[in-house]
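First the structure, in the form of structure tokens, and then the observations on it.
No lab work stands behind these numbers, since they all come straight from the coordinates. Predicted, not measured: the structure shown is a model, and the values here were computed from it. Please note: Cβ atoms are built from the backbone with ideal geometry, for glycine as well, and neighbour counts cover all protein chains shown.
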Amino acid sequence: MKISEEQIQNELFGKYKPLTVESGITNFPFSDLSDREFELLSYLLIKEKIETNSFGNHSDIALMQGVGERGRDCVLYQKGEVSGLIQCKKYQARFTKPQFLK
């Protein structure tokens with residue numbers, strides 16, 4: 001069955017949650033994403049937060065090409081000036097609070 005454009009928009013912005021059945025899957029396997037897929041996911045999530053004014057004072061984000069960027073995966077801007085950088089890293093295990101703070 002074809003879904004409406006309205007439902008697509010609602011799903012994109014988290015306003016629609018379909019009925020679910022127990023699938024046995026507990027978490028989305030983020031570890032299965034490639035490095036670039038994770039960078040793109042991070043970019044899209046932060047871009048949406050910037051567009052809804054819920055990501056600090058940043059007004060824009062740019063996804064870098066991934067080659068020769070010296071570890072900068074995304075660049076954050078505030079009124080046309082660089083205001084932050086995002087560097088994605090893939091780790092096998094979860095961070096403890098002390099590890100995260102370090």
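What's the extension gain from residue 4 to residue 28 if we count 0.36 nm per residue and subtract their Cα-Cα distance?
Values: separation 24, 0.36 × 24 = 8.64 nm, distance 2.58 nm.
Gain in length upon complete extension: 6.1 nm.
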>> Between residue 49 and residue 94, what is the label-point separation in nm under the 7 Å Cα-to-beta-carbon projection?
In response: 1.9 nm
>> Need one number: nm distance between label points at residue 12 and residue 62, each 7 Å from Cα along Cα→Cβ, rounded to one decimal.
In response: 2.4 nm
